[in-house]
Amino acid sequence: MGLSEEVLHSFHLSGDIVALSGGQNTSVRVGRAVLKPVDDRQHYEWLLNIIYHLDPQGYRLSKPIRSKSGTFVSHGWICTHFETGQDVKGRIEDKLLVSRLFHRDLSSIGFGDIPPIDNPWSKGHRIAWQVDGLPSELPQEIQECLHDLLSRVRKKEHDQVQLVHSDLSGNILFDQDLEPLVIDFSPTIAPVEYAEAILVCDCIAWQGSEVSEIDLLPSNELYKEMITRAIIFRLAVSAIFSRGDRHQFFCEYQAFKPIMEYIE
């Protein structure tokens with residue numbers, strides 16, 4: 001989907017278009033704004049309305065910009081204010097602090113009207129929470145691996161669930177002078193502890209943090225369950241994207257395996 005002059009004008013923008021790296025590598029910067037193509041208008045109208053009305057304390061958010069028609073999505077694109085910040089590997093303690101501040105602010109947000117969404121990540125969450133089964137087309141070895149992990153948690157409902165950001169490890173940017181910046185809100189409904197477990201596990205598996213840093217999370221049965229579900233989520237997404245490629249899946253499995261061994 002190309003960025004047309006019609007899109008720029010709809011957000012009152014003009015100027016050079018600069019490609020930005022990170023995420024899916026689809027975002028661009030125009031002046032002090034960032035634009036990104038999206039494929040689910042209803043979902044992003046709902047999500048950006050939440051971000052628009054939040055009053056962050058102790059962290060920053062890239063606030064969305066409305067189009068001329070008053071919508072957050074215009075011709076398949078969304079637009080936010082450009083904020084400075086750098087992706088930093090690790091720094092789990094700092095990221096957990098930001099996570100807790102952000103989820104504190106999200107705790108009062110109702111989620112009964114969250115639009116349904118179906119993509120590999122939402123499917124991964126449903127598998128991790130034993131709402132959906134594994135895709136039948138997955139190779140047997142991959143299914144057995146995931147079934148083994150699923151056998152370590154039992155299906156149950158948790159009282160304390162809310163709207164959470166399920167991909168924070170690489171989506172908290174740091175600046176020398178400004179508060180940390182939370183970007184690319186990936187929402188799901190779950191306990192806050194689940195979001196924290198995903199954050200820490202991702203830093204260990206993908207960013208080179210020591211496995212012992214799992215101890216930054218409380219050592220109790222709730223967090224052990226959340227860590228297990230976080231790993232199931234990531235491996236389920238990997239299985240879906242691997243399209244039966246056993247090597248690709250088991251490379252990802254090896255990245256998360258030390259965490260499971262550490263908490264056993």
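Name the residue that is surrounded by the most Cβ atoms within 10 Å (Cβ to Cβ), counting only residues in the range 56-81 that are farther than 19 Å from Leu178 by Cα and β-branched (Val, Ile, Thr).
Among them, the one singled out is Ile78.
Given Asp39, Asp105, which one is surrounded by 15 or more Cβ atoms within 10 Å (Cβ to Cβ) and out of contact with any helix residue (DSSP H, G or I) (no Cβ under 6 Å at 6 or more places or on another chain)? Steps first, answer last, please.
Working: Asp39 fails: surrounded by 15 or more Cβ atoms within 10 Å (Cβ to Cβ).
After applying the criteria, what remains is Asp105.
For the range 108-129: of the residues being β-branched (Val, Ile, Thr) and more than 30 Å from Glu213 (Cα to Cα), which is surrounded by the fewest Cβ atoms within 10 Å (Cβ to Cβ)? Steps first, answer last, please.
In the first step, residues of the range 108-129 are kept if they are β-branched (Val, Ile, Thr); the result is 109, 114, 117, 127.
Pick out the ones that are also more than 30 Å from Glu213 (Cα to Cα) and you get 109, 114, 117.
Working: Ile109: 13, Ile114: 16, Ile117: 15.
Here the residue is Ile109.
Output the number of residues of the range 234-249 satisfying the condition of being under 21 Å from Arg126 (Cβ atoms) and outside any helix (DSSP H, G or I). Even if it seems obvious, please write down each step before you answer.
Filtering the range 234-249 down to residues under 21 Å from Arg126 (Cβ atoms) leaves 234-244, 249.
Going one step further and asking which of them are outside any helix (DSSP H, G or I), we end up with 243-244.
Result for the range 234-249: 2.
Conditions (1) outside the structural domain of Leu149 (by TED's automatic domain parsing); (2) in a helix (DSSP H, G or I); (3) farther than 25 Å from Pro115 by Cα, marked per residue:
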{"site": "Asp167", "(1), (2), (3)": "no, no, no"}
{"site": "Leu222", "(1), (2), (3)": "no, yes, yes"}
{"site": "Arg229", "(1), (2), (3)": "no, yes, no"}
{"site": "Ile232", "(1), (2), (3)": "no, yes, no"}
{"site": "Cys251", "(1), (2), (3)": "no, yes, yes"}
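The values are calculated or read from the model by the stated rules, or taken from the named source; none is laboratory data. All of these numbers come straight from a predicted model, not from anything done at the bench. Note that each Cβ is placed from the backbone with ideal geometry, even for glycine, and that neighbours are counted across all protein chains shown.
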